[in-house]
Amino acid sequence: MEKLIITVAHTGNVPTKEMNPFTPITSEEIVADIKACAKLGASVAHIHVRDENGKPTSRRDLYEVVLNKLDEEKVDIIRQLSTGARGGENTIEWRGQMLDLPQAQMASLATGSSNFAGTVNANAPQLITALAEKMHDNALKPEIECFDLAMISNAKRLGKKGVLKTPMHFNLVMNVPGSIEGTVENLIYMVNQLPKDATWTICAIGSAQFDLIPMAIAMGGNVRTGLEDVIEFPKGRKVTNAMLVQRCVDIAKAIGREIATPTEAAEIMGLFK
Ligand code: MG
């Protein structure tokens, strides 16, 4: 089996300090959390930022602050920008404004639309293509976020058209209320639909991840964890990003799977820079 790539999704759009006091919100908190998780074995940071009011945003200047701090502190981790933040218009200009920042290596790209708990995850065909083109123009490897099976089909179609370069790297996003349920059967089915040369990771929202992460590690896939995906353990104890990453490391160790360094992860996923 390839070495395991662990991604930390440290902040996301939804968690607040009220929901979990360990949620990193400021750039200092975000960088400190990423640094701690990198030391434990995370090789990718899925970066979201918040504005001065703690609201999710795509603002390029705020991404730049986090990326510069990561560089200043020499944090060894792959920088993956989220294009899924809201707080502005649902346009390429807003959602893709940070994609030309030179310090990043990856960006997330949903290849279809679905529902979140209270809103629509709207990704029009023209927006998907524009985001993909801007990522490729800036040598960012897309992490293709699939909230449902149709998004895998669409990614394969975009790969054939040349909009997405192959081999592709996928993130199977499971158990979002309104999207595919996080079950073992669904995970296996989704993995079987991927192109044979693809690499993949899984993220599962809520406590579904406590079952699905060990499963994905045993299947040879990769895993994402972090407060974007889960804020407490099944019995209600609040999690930290470091606890969640350590849990992935412990599971991998228990079954004899080694953890990828950022350099190894870049090679496994075929990053462009
Ligand atoms: Mg995200």
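For segment 21-50, the candidate set comprises residues that are within 16 Å of the ligand (Cβ to nearest atom) and assigned to a loop (DSSP other than H, G, I, E, B); within that set, the residue that is nearest to F116 (Cα to Cα) is H48.
Taking interchain pairs and intrachain pairs at least six residues apart, which have beta carbon atoms under 6 angstrom, with the first residue in segment 40-66 and more than 25 Å from I259 (Cα to Cα) and polar (S, T, N, Q) and the second in a loop (DSSP other than H, G, I, E, B) and away from the ligand (no atom under 11 Å from the Cβ)? So the pair list comes out as T57/D51; T57/G87; S58/G88; S58/Q97. Restricting attention to segment 137-151, the residues that are without any contact (Cβ under 8 Å) to a residue 60 or more places away in the chain and open to solvent by less than 50 Å² (accessible area, probe 1.4 Å) add up to 6.
In segment 114-135 there is at least one residue that is touching a residue at least 40 places away in the same chain (Cβ under 8 Å), under 25 Å from L67 (Cβ atoms) and open to solvent by 10 Å² or more (accessible area, probe 1.4 Å). Within segment 154-172, residues that are over 18 Å from G221 (Cβ atoms) sit with their Cβ atoms under 8 Å from residues that are of a type in the set (D, E) and outside any loop (DSSP other than H, G, I, E, B), at 6+ positions apart or across chains, in these pairs: V163/E133.
Taking segment 225-245 only, how many residues are within 14 Å of the ligand (Cβ to nearest atom) and either open to solvent by less than 30 Å² (accessible area, probe 1.4 Å) or of a type in the set (F, W, Y) (or both)? So the answer is 6.
Residues of segment 152-197 that are part of a helix (DSSP H, G or I) and among the aliphatic types (A, V, I, L, M): I152, A155, L158, V184, L187, I188, M190, V191. Taken over segment 79-94, the criterion of being open to solvent by 10 Å² or more (accessible area, probe 1.4 Å), within 15 Å of the ligand (Cβ to nearest atom) and not in a loop (DSSP other than H, G, I, E, B) is satisfied by R79 alone. Please work out if A218 is away from the ligand (no atom under 16 Å from the Cβ), touching a residue at least 40 places away in the same chain (Cβ under 8 Å), open to solvent by 30 Å² or more (accessible area, probe 1.4 Å) and over 15 Å from V14 (Cα atoms). So A218 fails the test.
When segment 1-31 is limited to residues that are free of Cβ contacts under 8 Å to residues at least 60 places away in the same chain and crowded, with 17+ Cβ neighbours inside 10 Å, the one that is farthest from T240 (Cα to Cα) turns out to be S27.
The values are calculated or read from the model by the stated rules, or taken from the named source; none is laboratory data. Bear in mind the structure is a predicted one, so any value in this text is a computation, not a measurement. Cβ sites come from the backbone with ideal geometry, for glycine too, and all protein chains shown count toward neighbours. Side chains are part of the model used for accessible areas, which takes the heavy atoms of the whole protein and leaves out ligands, DNA and RNA. Shrake-Rupley method; radii C 1.70, N 1.55, O 1.52, S 1.80 Å.
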